[in-house]
Amino acid sequence: MGEKKLFKHALISAVCTLAFAAAGSANAANWLMLQGTEDPGASPRANVWGFVQVDYQRDYSKANATGQYVPPKLRGPDLDSQSGFNISRARIGARGTGFPIDSNINYFLLAEFGNNGTTHSASEYTFAKLTDASITINDIPGARIRTGLFKYPGAEEGLQAIHVFDYINFTEATNGLLLERFPNHAYTANLPAQNQTQLQTGGALNGFNAPVGAFRDVGIQVFDAFDVGNDWEASYAVMIGQGNGIEFDNVDGKYDTYLYASAEKKLGGKGPKAEGFKFFAWSQKGQRLLDSTPCAVPATCVAADANPVLYKRERAGLGVKYMDKPFRVTAEYIKANGMIWVGPDKPTFTFAGSNGAEADANGWYVEGGWYIPNTKWELDARLDTMTRLKGAIDEHRFNKRTVGVQYHFNPKSRVTINYEMRDFSCTASSTPCTNANKNLDGVGNKLGVQMTAIY
Amino acid sequence: MLNHFRSLIFIVTSFFIMSAAMPVLADDDFADYKYVLHISDMDPSKQELILNNASNLLEAYPPGAVAVEIVAYGPGLRLMFADNPNAQRIDSLSQSGVKFAACGNTLKAMTKQLGYEPQLNPDAKVVPGGIVRIGELVKKGYIYVKP
């Protein structure tokens, strides 16, 4: 064999080896891949898994001048007290490759048994709720197909696995703009703030009949991740969904579109705590049916009085996450247009007609963590803000600073302690702010302790 | 003559370079300790475990004193699929001299079920039968281990 031929063969072998290594390493370094795929040749037929989160939270807010409370002063999802224990999440599921020698098809199944916005709505308290049921087909190189009910590609807080989320509560922007509350099918009047007696005798401040969206949708997604060299990985996802969260109907007949792209410099490790430096951007576009017009005499409303109107709902964001133990830093900017939920100061259900339904909002957060070397302790800090009804006569600004500490008993069990310092106010000088600020006056800090066990 | 001399230098140099990079394992005829590690399990954690066993054996003995062969059959053959996430480790172990034997009978059965032959790791050598291979190795004095 000539030297040139030998060199050629060696080069081909090297290229093949590199290509082979690249294909292997592009499988578990981001949420799209972690949640949507399984390791080829190494996934179980059914890996039963789940997690339990038990928390105690105490809200130090004070009632308004007339002794009444609004949702930010109460603990959810029940919204009837300021302190208490809760099983905030109790999930069990299975994932794997049903026919283990065929790595090209995998599934993901998860159900919620905890007490939160997915199981507890205004109209019902369900014992369990299906939150994920999807099938991924990996036959087409560069275009994996996932279909069913699953987390849509979007903001980091929503897309990431909640059991490794480093705080107890979401940021205000994620909670207010992304954790979707769906309009009731028929016009629902706003409820006033409730006093303690009213809350103790069944006064309900949650007016939404449907469960929260839980950052999920039913639809189909095309996605993949590629090793682009020098430890950089690029990912993309395109999804079409019904835009109705974890519910299955598509009553408006419209579909949401989701786009996501990320580029990550991989620094080591694998799984949900993989280290890397990730840049990401995403967008969502859809429409929602909303009936914001009461009939003349509410007590006598009939179907013919309904006046549902389609409003656009758009969300977009971009962010960066750096994770290289012992340090972690995340920052994200979120922009929203349409279907802005204006609940917390107006106690229950409202998109406020031409106000919230067509309003703009934005928000951002910066958070960081420090894993104290050679210990099981982690310190966290987060600053977040949301400006709602931007430019409108009752523009609101919510600011929150969170400090936290976590103790990791082992990689799958930890306790999280958070203290949130909150400042909510209606920032415009116009009349609509007067009443809002009366309700928001007294919103105070919040303490939370949460235990997480993953199995 | 000069060309022949250059070739000789090239061959000798190559030999030394290759020797340095050669497996730390001995040829099994000369090894003091010989292990056959068996995987027929579907559990993915067993895949990592058996590779850890092989790595630990390499570290435990002086270079050249141990021979290790991993034999996979049944659901365990997935360890030797080309796209298995442990492929890089297998390649690394293979370069250190660990041998990988893939059961031909299992491969045939899987091919029948899938409708195509699964692509195997290039480091894996297909043997007629995994169980037979284990028997042969035990007869040659290999210590049988199923993690």
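Any read-out appearing in this document is the output of simple, stated calculations on the displayed coordinates, not a laboratory observation. Bear in mind the structure is a predicted one, so any value in this text is a computation, not a measurement. Every residue, glycine among them, receives a Cβ derived from its backbone with ideal geometry; neighbour counts consider all protein chains shown.
With both labels modelled 7 Å from their Cα along Cα-to-Cβ, the A:Glu314 to A:Asp249 distance reads 2.9 nm.
The calculated FRET efficiency for B:Lys125 paired with A:Asn374, based on their beta-carbon distance and R0 = 56 Å, is about 0.80. On the beta carbon distance between A:Arg401 and B:Gln88, with R0 = 45 Å, the FRET formula returns roughly 0.55. Of the options A:Ala111, A:Asn64, A:Gln35, report the single residue whose Cα projects farthest towards the positive end of the charge dipole of segment A:33-159 (beta-carbon charges: Lys, Arg +1; Asp, Glu -1). Of the candidates, A:Asn64 comes out farthest on the positive side. In this simple spin-label approximation, B:Leu49 and A:Tyr56 carry label points 7 Å from Cα along the Cα→Cβ vector, and these lie 3.9 nm apart. Beta-bridge orientation, segment B:25-145: approximately 5 percent antiparallel, per DSSP, counting only bridges with both partners inside. Ranked for footprinting exposure by Cβ neighbours inside 10 Å, fewest first, A:Glu275, A:Glu420 give A:Glu275, A:Glu420.
Any idea how far the Cα center of segment A:61-96 sits from the one of segment A:223-247, in Å? With segment A:61-96 and segment A:223-247 each reduced to a Cα centre, they are spaced 33 Å.
Express as a percent, rounded to the nearest 5, the fraction of DSSP beta bridges in the protein assembly as shown (both residues included) that run antiparallel. So the antiparallel bridges in the protein assembly as shown amount to around 90 percent. Across chain A, the relative contact order, built from alpha-carbon pairs under 8 Å that are at least six residues apart, equals 15 percent.
Working note: Karplus 6.51/-1.76/1.60 with θ = phi - 60° gives segment A:76-89 the couplings x, x, 6, 6, 10, 8, 9, 8, x, 8, 8, 8, 5, 8 Hz, where Gly and Pro are set to x. Assuming charge only on the beta carbon of Lys and Arg (+1) and of Asp and Glu (-1), the dipole of the protein assembly as shown about its Cα centre is about 520 debye to the nearest 20. For the protein assembly as shown, the alpha carbon convex hull comes to 186 Å³ per residue, rounded to a whole number. Between A:Leu289 and A:Asp78, the distance separating the two model label sites (each 7 Å from Cα on the Cα→Cβ line) works out to 3.4 nm. Counting only other chain Cβ atoms within 10 Å of each residue's Cβ, the peptide A:36-45 averages 6.
In the calculated pair-distance distribution of segment B:25-145, the portion above 21 angstrom amounts to 33 percent of the Cα-Cα pairs.
What residues from segment A:109-134 fall in the zone where the backbone N is under 15 Å from a label point 7 Å along the Cα-to-C-beta line of A:Phe85? Residues A:115 fall inside that zone. Computing FRET efficiency as 1/(1 + (r/R0)^6) for A:Glu124 and B:Val138, where r is the C-beta to C-beta distance and R0 is 45 Å, gives about 0.10.
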